[in-house]
Amino acid sequence: MSKAAVIIVFLLVLVCGCDTNDFVRRLDDGIEIIPTAPAGNVKKVRIRVVTPNIIHVLATAADTFSTAKSLIIARPDSGEQVPWELEVTGSDATIATAMVKARVSKKTGEVVFLNAEGEVLLKESEGGGKTFTPTTADGVPMYAVRQTFQSPDDEALYGLGGHQNGEMNYKGLDIELAQHNIVDVIPFLYSNRNYGLLWDNYSVTKFGDARAYQPLNSLHLFSKDGKPGGLTADYFVNDRVVKSFIEDEINYEFLETPQVENFPKDVSNGGKVVWEGSMASEREGVHKFVFYSSGYLKVWIDGKLEVDKWRQNWNPWTSKLAVNFAKDEKHEVRIEWIPQGGFLSVKHLDPQSPEEQGQISLASEAGDEINYYFINGSNADEVIGGYRKLTGKAPVVPRWAMGFWQSRERYRTQDELLEVVRQYRSRHIPLDNIVLDWQYWDDPAWGSHEFDRKRFPDPAGMIAQLHDGLHAHMMISVWPKFNKGTAHFEEMNRNGFLFTNNIEKRRKDWVGVGYESTFYDPFNPAAGRLFWQQIDTKLNSIGVDAWWLDATEPDMHSNLSLEERKKNMSPTALGPGAKYFNAYSLMNSKSVYEGSRASDSSKRVFILTRSAFAGQQRYGAATWSGDIASTWSDFKDQIATGINFSLSGIPYWTMDIGGFSV
């Protein structure tokens, strides 16, 4: 098509607002394309202009796009008209603002992003890189969705929340975006090419390799005396071998894993297991291993100590390892595990091609469509500014919240808490805030927000002393958890505001004699209002200054698999738990923030939460990195965790400076 013809098409579109052809339709804020020969089952691609530097991309395998309101995006429709132009050629349609261009293939729907000078910033993979796999959750039909992009070798990628493997630049790495005690999920990616990607999906998502890890027997295994079939496993009690087997799997991963119940109790409580032998593969390249463990784990490969990690047994986490294999080459392996009542699994993945491993890939297990925002900028500040333009500004927190805090697990009495603050004052050490952690209630009354009056005889008087006599503030731990039988449990249950799976399974927590409990559903606005009303009546009314929202992954019952955790928070008021899994913390923070502002609009809100999700900054929330261990390796990991969290767009992050568990 000649340049003159392009101009004529452009003018016709501007004058009449009509379709440029049967496959490109102009909208008020962008275009919709029906690809003529899509790769895969893509039916429509929509490109929207949000601001001069932000482009919104939607793709669907259905006949129509979803009308569901985003939980992440907070930018109200201001009516602002962003100037943009449309150019349609025989092969492409290009939207251009003053700062960014998006060129879409009419054939495949593939999108390329360019700056104002026409330089390519980011390209979807050839053919569009879009995958829709039909699936269901709770019987509801939806799609597993994946989007891939090309990425040059020298690109560096940051963000994605806070993760605990000491990884800074995620280029070529694999990150699972699934909330955990020590993991915070923010599906926002920042590139050193000064663009950002905000992935609008709430389900468990994989960045990088989208394949599922396989059991250890996906490799060829040999015993320590060279026989094929598995590794030699020696079970010790007090340095004495009590059992010896050939094993081709190491799978003691979750409470519901069958092997966990059958693991020898004498070894679990006072012994260790040593697996020895070698492994090989006909597949050349970098093989990936993930060790999910608690207790004390050591792994040697070819005589070199590669993993040396301790974790508390109620909070396992992963260690990653990459080993370069030549074809059929044997690698010696030794795995030593002191369980201490904990958990362990060892899994493996065959190599990907360098091209696959080097691409940008985001794969979510549940959604209606592919939905992402491209943000262009000249520096990191402009890109992250675009993220907050979309998801909401972070309000100014109280000045005292930026001061020095005192916290421990835990203050058991009113006198103990007050005496700690008195000691700070008597020693002339500045202190702004003291934190009252869990179990200020009587054990059966979790969720009541009632103080145990034997230990805290006058909560209102205690807070008044802190404020008036000691000039300090107090933050208190408030969980979204309700023990069965409490008045607040019954009130929530009568209204249908509780998740029922954990109660139906009659699972008991590990507090005292153990109690049955569950969490409320913050995706239901009425449930969120009741949650705040209960807090307001019992705690806000007596002067509590800030809210520590713990266990908002949500951790209804520790050491369950992801599949069981999704069942525990399903269905939400919006749909299946699998679809909304990562967004619990966002909605719980919303309940408390909006409730607090409604109760007193003159009071700045401060929330501390163990989980985070995109947009949570707009609710006055800071995040800490969870119950990390008091080890040098965990301390080191916090550097990458904190930097990447901050590059994910949420400004307030902290950590347990001495670790939480010794």
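The values are calculated or read from the model by the stated rules, or taken from the named source; none is laboratory data. What you are looking at is a predicted structure, and each value in this text was computed from that prediction instead of being measured. Positions of Cβ are generated from backbone atoms using ideal geometry, with glycine treated the same way; all protein chains shown enter the neighbour counts. Each accessible area value is taken on the protein alone, full model and side chains, heavy atoms only, with ligands, DNA and RNA left out. Shrake-Rupley method; radii C 1.70, N 1.55, O 1.52, S 1.80 Å.
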- request: Report whether or not Asp184 is more than 17 Å from Gln150 (Cβ to Cβ) and outside any loop (DSSP other than H, G, I, E, B).
  value: yes
message: For a quick check of your reading of the model, give me the residue pairs whose first member lies in the range 463-476 and is in contact (Cβ under 8 Å) with a residue 60 or more places away in the chain, whose second is of a type in the set (D, E, K, R), with beta-carbon atoms closer than 8 Å and at least 6 apart or on different chains.
response: His473/Asp432; His473/Asp545; Met474/Asp545; Met475/Asp545
statement: Taking the range 471-480 and keeping only residues that are under 14 Å from His557 (Cα atoms) and open to solvent by 10 Å² or more (accessible area, probe 1.4 Å), one is left with Trp479
field: Where a residue in the range 624-646 is within 21 Å of Ala401 (Cβ to Cβ) and its partner, wherever it lies, is open to solvent by less than 40 Å² (accessible area, probe 1.4 Å) and assigned to a helix (DSSP H, G or I), with Cβ under 7 Å and at least six apart
entry: Ser625/Gln638; Ser625/Thr641
message: Looking at the structure I just gave you, is Ser345 modelled with pLDDT of 95 or more and under 30 Å from Met279 (Cβ atoms)?
response: yes
- prompt: Residue check: is Asp308 surrounded by fewer than 17 Cβ atoms within 10 Å (Cβ to Cβ), of a type outside the set (Lys, Arg) and in contact with a helix residue (DSSP H, G or I) (Cβ under 9 Å, 6 or more places away or on another chain)?
  reply: yes
Criterion violated by Ser319 - all others in (1) at pLDDT below 95; (2) out of contact with any helix residue (DSSP H, G or I) (no Cβ under 6 Å at 6 or more places or on another chain); (3) farther than 30 Å from Ala472 by Cα; (4) of a type outside the set (A, V, I, L, M, F, W, C) satisfied: (1)
- prompt: Does the range 408-417 contain at least one residue that is in contact with a Leu (Cβ under 7 Å, 6 or more places away or on another chain) and on the phi < 0 side of the Ramachandran plot?
  reply: yes
query: Based on what the data block shows, is Gln423 farther than 24 Å from Pro571 by Cβ and open to solvent by 20 Å² or more (accessible area, probe 1.4 Å)?
result: yes
message: Just the residues that are within 21 Å of Gln340 (Cβ to Cβ) and at pLDDT 95 or above, please, taken from the range 638-662.
response: none
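So, in the range 625-639, of the ones that are open to solvent by less than 10 Å² (accessible area, probe 1.4 Å) and outside any loop (DSSP other than H, G, I, E, B), which residue ends up nearest to Pro554 (Cα to Cα)?
Ala629
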statement: Per the filter on the range 640-652, residues open to solvent by less than 10 Å² (accessible area, probe 1.4 Å) and aromatic (Phe, Trp, Tyr) are Phe645
statement: When every residue in the range 52-66 that is open to solvent by 10 Å² or more (accessible area, probe 1.4 Å) and hydroxyl-bearing (Ser, Thr, Tyr) is compared, the one farthest from Asn201 (Cα to Cα) is Thr64
message: Quick check on the range 159-175. Is at least one of its residues in a strand (DSSP E or B), in contact with a helix residue (DSSP H, G or I) (Cβ under 8 Å, 6 or more places away or on another chain) and of a type in the set (A, V, I, L, M, F, W, C)?
response: yes
- prompt: Among the residues of the range 338-378 satisfying the criterion of being β-branched (Val, Ile, Thr) and over 28 Å from Ser294 (Cβ atoms), which is surrounded by the fewest Cβ atoms within 10 Å (Cβ to Cβ)?
  reply: Ile360
message: Considering only residues that are β-branched (Val, Ile, Thr) and under 35 Å from the mean Cα position of the chain (by Cα), which ones fall in the range 422-468?
response: Ile434, Val435, Ile463
- prompt: Which of the strands (runs of 3 or more DSSP E) contained wholly in the range 296-341 include at least 1 residues that are polar (S, T, N, Q) and closer than 25 Å to Ile182 by Cβ?
  reply: 317-325
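Name the strands (runs of 3 or more DSSP E) wholly within the range 206-266 that hold at least 3 residues that are open to solvent by 80 Å² or more (accessible area, probe 1.4 Å) and touching a residue at least 60 places away in the same chain (Cβ under 8 Å)?
Per the criteria, no element qualifies.
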message: Cβ-Cβ under 6 Å, sequence separation 6+ or interchain: first residue in the range 397-411 and within 21 Å of Arg618 (Cβ to Cβ), partner of a type in the set (Phe, Trp, Tyr). Which pairs?
response: Val397/Phe606; Pro398/Phe606; Ala401/Phe606
field: Selection status of Ser611, in a loop (DSSP other than H, G, I, E, B) and crowded, with 24+ Cβ neighbours inside 10 Å
entry: yes
- prompt: Leu157: open to solvent by less than 10 Å² (accessible area, probe 1.4 Å) and under 16 Å from the mean Cα position of the chain (by Cα), yes or no?
  reply: no
- request: Can you tell me which residue among Leu560, Leu586, Leu608, Leu574 is under 24 Å from Met402 (Cβ atoms), modelled with pLDDT of 95 or more and out of contact with any Gly (no Cβ under 8 Å at 6 or more places or on another chain)?
  value: Leu608
- prompt: If we scan the range 565-583, do we find a residue that is open to solvent by 20 Å² or more (accessible area, probe 1.4 Å), under 19 Å from Val185 (Cα atoms), assigned to a loop (DSSP other than H, G, I, E, B) and not hydroxyl-bearing (Ser, Thr, Tyr)?
  reply: no
query: Got at least one residue in the range 531-545 being buried (at least 19 other Cβ atoms within 10 Å of the Cβ), over 18 Å from Gly485 (Cβ atoms) and among the small types (Gly, Ala, Ser)?
result: no
task: Could you tell me whether any residue of the range 165-184 is in contact (Cβ under 8 Å) with a residue 60 or more places away in the chain, among the β-branched types (Val, Ile, Thr) and closer than 24 Å to Ala551 by Cβ?
output: yes
- prompt: Out of all the residues in the range 115-154, which are open to solvent by less than 10 Å² (accessible area, probe 1.4 Å) and more than 30 Å from Asn568 (Cβ to Cβ)?
  reply: Leu122, Glu124, Gly128, Phe149
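Being modelled with pLDDT of 95 or more, buried (at least 17 other Cβ atoms within 10 Å of the Cβ) and within 24 Å of the chain's Cα centre (by Cα) is true for just one of Ile384, Ile335. Which residue is that?
Going through Ile384, Ile335 in turn, just one is modelled with pLDDT of 95 or more, buried (at least 17 other Cβ atoms within 10 Å of the Cβ) and within 24 Å of the chain's Cα centre (by Cα): Ile384.
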